[in-house]
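> The structure under discussion is supplied below as structure tokens; questions concerning it will follow.
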Amino acid sequence: MNASSETSILEQGRVKAEAVNRSLDHDVQPLKQWFDNTQVKLTPHLAAAPARSAMAERFQPVLLVVDDHAFEQKLVEKLMEEELYELVFADSGAQALNILRKRQPDLILMDLDMPGMNGLETLRRIKATPQWATIAVMMVTGQSGKEMVVDCLNAGAVDFVVKPLDRETFLKKVARLLAA
């Protein structure tokens, strides 16, 4: 094969390659256009995602944990350490009422056995105060007698959990109450 025919074959190959490229460009153009349009439409949403995530972190549900035992408070804190909740602690019913005057939690976790004003009396006072009456209160206690459970539910508690706490059950109940 001489140089002239090799050049001709190379030229024909180049021409065919250009034709294939033009054909591919033409065939792929609608897909490329769709992709570009989709990317333009999604850009504001993708740009807003970090801001939404930061906003969600700033608006963590607030839980007021009312228990006179530091160990029980630490236990609740440990059970919820991976959850995105802000925990506020009170070691008495009176302290819980003082906290409620300053801020309104999304959920109250209330022990029953406390010196002074017990959890049932604190619950009754919360439910008797109009600005607090809608706050969900879950009793978290070592008492499980039917009469005590009924008294708490009649006073306005929305749920009842008996100690020792099962982490999975406890967290599911908290999440359900916050979603309500």
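Quick note: the coordinates plus some simple rules give every number you see, no bench work behind them. Please read all numbers here as calculations on a predicted model, not as lab measurements. Every residue, glycine as well, gets a Cβ built from its backbone with ideal geometry; the counts of neighbours run over all protein chains shown.
> For Val76, are the conditions met, namely being out of contact with any helix residue (DSSP H, G or I) (no Cβ under 8 Å at 6 or more places or on another chain) and surrounded by 14 or more Cβ atoms within 10 Å (Cβ to Cβ)?
Against the criterion (out of contact with any helix residue (DSSP H, G or I) (no Cβ under 8 Å at 6 or more places or on another chain) and surrounded by 14 or more Cβ atoms within 10 Å (Cβ to Cβ)), Val76 qualifies.
> Also, quick follow-up: Counting only residues that are touching a residue at least 60 places away in the same chain (Cβ under 8 Å) and part of a loop (DSSP other than H, G, I, E, B), which one in segment 77-102 is farthest from Phe170 (Cα to Cα)?
Step by step, filter segment 77-102, then rank; the result is Tyr85.
> Using beta carbons and a limit of 8 Å, which pairs, at least six apart or on different chains, have the first residue in segment 137-155 and surrounded by 11 or more Cβ atoms within 10 Å (Cβ to Cβ) and the second one among the acidic types (Asp, Glu) and in a loop (DSSP other than H, G, I, E, B)?
Met139/Asp111; Val140/Asp67; Val140/Asp111; Thr141/Asp111; Thr141/Asp113; Gly142/Asp113; Gln143/Asp113
> Can we say Pro115 is surrounded by 22 or more Cβ atoms within 10 Å (Cβ to Cβ) and in a loop (DSSP other than H, G, I, E, B)?
Spelling it out, it is not the case that Pro115 is surrounded by 22 or more Cβ atoms within 10 Å (Cβ to Cβ) and in a loop (DSSP other than H, G, I, E, B).
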